[in-house]
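Asker: The structure is given below, and queries will be raised subsequently.
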Amino acid sequence: MPEGHSVHRIARQFNANFPGKPLQVSSPQGRFTAGAEMLDGDSIVEASAVGKHLFIEFERSEHLHVHLGIYGAWDFVGEVTVDATIASANGWMGQTNQRGTLLTEDEIFDAAGENSLTSIGAPRKSRFRFGEATKEMTAEEWPPEPVGQVRVRLQAVDVLADLRGPTTCEVISASEKLAILDRLGPDPVTTPYDAGLEIFLQRAGSKKAPIGQLLMDQNVIAGIGNVYRAEILFRLGINPYTPGNALSKELLTAIWDDWVRLLPEGIETGQMMTMDDLSESEWIAAMANRDDRHWVYHRAGKPCRVCGTPISLAEMQGRKLYWCANCQQQ
């Protein structure tokens, strides 16, 4: 499932390419026809993200609310401008699901061979290729035919965005947006540090549920998914089955601090990089291959990178849970 860093990247891509442009809004798949008719001819004011929720505000005050779920993805096609806060000084531009590209003369792709400038969200075997499309597409070929089951297409004169496979795609009012925001836990990008910490301490520290479950509860803390859940708990030596109310204030604060640190790095690089103090060659290898990027995630049965204990695998609320039984005892 795309995690919070990806949704922030999507919002930034929209803000770099769409505001102020009249849009043709359609639903090629046919499942969003009524919503598309409400937005057709309008233009975007601003896109924003909180946790895994994307909100696109239109001039007529409606909001397009999208939650990608497990399978959702946005494809960007046309004269796409890469947001400067994403294509950062270190040269990295990537997306979710451990895809990424090093934008240098000697481009380094990850093991899947994906160039993630084009698609942000769940991996797709067939997707538009931004670099190829802008070089080869003629005016007569614009717009390109939809690929796959496109729920909604937002098309401007020079750029378009296609959404496929979301869990939620709906038109909501400003008051409905506020109601969603009120329910969500804190997001380090949108919530001031002290306020976010206070909310997280109250919500996580008052519950008997395991901390591994609470970190996946978007009403407790926003944006963390399966990868960041496993990695943050390992980094802090916390057993995922420890009840939230059994953790000290110091450990709960450490969880919030680690999320405050990791989320901006994920937004900048497009990678859920959770290992520290890597050499330059190790860092490049990790960016190219998820197996070199994480401490415990997706490493069931393999030796712990710290102590050698086989990494444990279990299921918690329908999602795979990875941890080291030796290193994570708090």
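Every number in this text was worked out from the coordinates using simple rules, so none of it is lab data. If you're wondering where the values come from, they're calculated on a predicted model, not measured in any experiment. In this analysis, Cβ positions are derived from the backbone assuming ideal geometry, glycine residues included, and neighbour counts consider all displayed protein chains.
Asker: Under the Karplus relation 6.51 cos²θ - 1.76 cosθ + 1.60, θ = phi - 60°, what is the ordered set of whole-Hz ³J(HN,Hα) values for segment 298-303, x standing for Gly and Pro?
Answerer: 6, 10, 4, x, 7, x
Asker: Which ³J(HN,Hα) values, rounded to whole Hz and listed in residue order, are derived for segment 211-225 from phi using the Karplus coefficients 6.51, -1.76 and 1.60 in 6.51 cos²θ - 1.76 cosθ + 1.60 with θ = phi - 60°, glycine and proline given as x?
Answerer: Using θ = phi - 60°, the values come out as 4, x, 7, 5, 5, 8, 8, 5, 7, 9, 8, 9, x, 7, x Hz.
Asker: Can you list residues whose amide H is under 5 Å from Met316's amide H, if they're 5+ apart or on another chain and H is modeled 1.01 Å from N?
Answerer: HN-HN under 5 Å from Met316: Leu321.
Asker: A follow-up question, please. Would you kindly derive the ³J(HN,Hα) couplings of segment 308-317 from the backbone phi angles with the Karplus curve 6.51 cos²θ - 1.76 cosθ + 1.60 (θ = phi - 60°), listing them in order in whole Hz, with x for Gly and Pro?
Answerer: So the Karplus estimates, Gly and Pro as x, are x, 5, x, 5, 7, 9, 9, 10, 10, 6 Hz.
Asker: Sorted from fewest to most neighbouring beta carbons within 10 Å, what does the list Val25, Val45 look like?
Answerer: On the way: Val25 20, Val45 16.
The order, fewest Cβ neighbours first, is Val45, Val25.
Asker: Estimate the FRET efficiency between Glu79 and Ala285 by the formula 1/(1 + (r/R0)^6), using the beta-carbon distance for r and 41 Å for R0, to the nearest 0.05. Mind dumping the intermediate values first?
Answerer: Working: r = 34 Å, r/R0 = 0.82.
According to the calculation, E is roughly 0.75.
Asker: Here is a follow-up. Ranked by Cβ crowding within 10 angstrom, fewest neighbours first, how are Cys307, Cys324, Cys169 ordered?
Answerer: Listed from fewest to most nearby Cβ atoms, that is Cys307, Cys169, Cys324.
Asker: Are there any trypsin sites (Lys or Arg not before Pro) in segment 190-242 that are in a DSSP loop and have at most 11 other Cβ atoms within 10 Å? List them by number. Let's see the in-between values first.
Answerer: On the way: sites: Arg203, Lys207, Lys208, Arg229, Arg235; in loops: Lys207, Lys208.
Sparse-neighbourhood loop trypsin sites (Lys or Arg not before Pro): Lys208.
Asker: For segment 4-51, count all C-alpha to C-alpha pairs, find those more than 17 Å apart, and express that count as a whole percent of the total.
Answerer: 47
Asker: Do any trypsin sites (Lys or Arg not before Pro) in segment 249-307 lie in a DSSP loop with no more than 12 other beta carbon atoms within 10 Å, and if so, which?
Answerer: none
Asker: So for Thr33, Thr190, fewest C-beta neighbours within 10 Å to most, what's the order?
Answerer: So the residues, fewest neighbours to most, are Thr33, Thr190.
Asker: Measuring from a point 7 Å past the Cα of Arg183 along Cα-to-C-beta, which residues in segment 213-238 have an amide N at less than 12 Å?
Answerer: Zone members listed by number: 218-220.
Asker: Under 5 Å between amide hydrogens, which residues at least 5 positions from Asp42 or on another chain qualify, with H placed 1.01 Å from N in the peptide plane?
Answerer: Amide H to amide H, under 5 Å and 5 or more residues apart or across chains, Asp42 pairs with Leu23.
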